[in-house]
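**Q** Sharing a structure with you now.
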Amino acid sequence: MSDSASRWAKLINQWKAWAKRLKLEVYALYLAYRDPRVPWYARAFAACVVGYAFCPIDLIPDPIPILGYLDDLVLVPLGIKVALRLIPTDVLAESRQKAQAVIAQGKPVNRTAAVVIVAIWLGSAVLGIVLLARFFS
């Protein structure tokens with residue numbers, strides 16, 4: 001393997017490890033926000049981050065150049081970082097242990113968040129059609 005190919009393989013492996021850690025952290029947040037020891041504001045913020053991260057449909061679709069991946073590469077990790085700081089460390093440690101066990105069994109998906117995102121897109125489409133109809137009539 002050439003030196004360049006070796007560097008690319010190493011970089012790809014680092015990204016895969018980073019993505020795996022993010023997945024664990026998001027699921028740990030999911031478990032933590034349901035814990036009664038977590039303050040209400042941390043619960044609310046973590047619930048939003050988890051809902052968006054597990055949603056199979058992006059608010060900004062990936063085919064939109066640059067912006068489509070902005071949420072996945074910047075907004076989700078930033079939201080995770082903020083949410084982790086809001087949750088008590090003992091709750092977070094317990095949640096991480098539980099998350100490792102659950103993730104080993106399969107991939108969690110938040111279907112409720114998917115419905116909300118679809119509703120936002122449909123509502124935006126209807127609003128756009130109504131505004132265009134008023135403009136051209």
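The values are calculated or read from the model by the stated rules, or taken from the named source; none is laboratory data. In this text, all values refer to a predicted model and were calculated from it rather than measured experimentally. As a convention, Cβ positions derive from the backbone with ideal geometry for all residues, glycine included, and neighbour counts pool all protein chains shown.
**Q** So, residue 54, is that one crowded, with 18+ Cβ neighbours inside 10 Å and modelled with pLDDT of 85 or more or not? Please lay out each step first, then the result.
**A** On the way: crowded, with 18+ Cβ neighbours inside 10 Å: yes; modelled with pLDDT of 85 or more: no.
Against the criterion (crowded, with 18+ Cβ neighbours inside 10 Å and modelled with pLDDT of 85 or more), residue 54 does not qualify.
**Q** Of all residues in the range 99-114, which are surrounded by fewer than 12 Cβ atoms within 10 Å (Cβ to Cβ) and either assigned to a helix (DSSP H, G or I) or at pLDDT 85 or above (or both)? First the steps, then the outcome.
**A** Step one: filter the range 99-114 for residues surrounded by fewer than 12 Cβ atoms within 10 Å (Cβ to Cβ), giving 101, 104-107, 109, 111-112.
101, 111, 112, listed by residue number.
**Q** Of everything in the range 12-51, what is of a type in the set (D, E, K, R) and either surrounded by 19 or more Cβ atoms within 10 Å (Cβ to Cβ) or closer than 21 Å to residue 117 by Cβ (or both)? Give them in sequence order.
**A** 23, 25, 43
**Q** Another one. Restricting to the range 84-107, give me the number of residues that are among the polar types (S, T, N, Q) and touching a residue at least 24 places away in the same chain (Cβ under 8 Å).
**A** Result for the range 84-107: 2.
**Q** What pairs can you find where one residue is in the range 6-34 and at negative phi and of a type outside the set (Phe, Trp, Tyr), the other is surrounded by 19 or more Cβ atoms within 10 Å (Cβ to Cβ) and not in a helix (DSSP H, G or I), and their Cβ atoms are less than 9 Å apart, with a gap of 6+ or different chains?
**A** Within 9 Å, the pairs are 28/87; 29/87; 32/38; 32/87.
**Q** A further question on this structure: If the requirement is being surrounded by 10 or more Cβ atoms within 10 Å (Cβ to Cβ), of a type outside the set (D, E, K, R) and either out of contact with any Gly (no Cβ under 7 Å at 6 or more places or on another chain) or at pLDDT below 80 (or both), which of these qualifies: 137, 124? Give the derivation first.
**A** Details: 137 fails: surrounded by 10 or more Cβ atoms within 10 Å (Cβ to Cβ).
Only one candidate passes the filter, namely 124.
**Q** If you go through the range 76-98 one residue at a time, do you hit one that is on the phi < 0 side of the Ramachandran plot, in contact with a Pro (Cβ under 9 Å, 6 or more places away or on another chain) and modelled with pLDDT under 90?
**A** no
**Q** From the set of residues in the range 11-39 that are among the basic types (Lys, Arg) and modelled with pLDDT of 85 or more, which is nearest to residue 78 (Cα to Cα)? Outline the logic, then answer.
**A** Initially, the range 11-39 is screened for residues among the basic types (Lys, Arg), giving 16, 20-21, 23, 34, 37.
Restricting the remaining residues to those that are modelled with pLDDT of 85 or more gives 34, 37.
Details: 34: 21, 37: 23 Å.
Only one residue tops the list, namely 34.
**Q** I'm told residue 129 meets every condition in (1) surrounded by 10 or more Cβ atoms within 10 Å (Cβ to Cβ); (2) at pLDDT 90 or above; (3) closer than 18 Å to residue 24 by Cβ except one. Can you identify the failing condition by its number?
**A** (3)
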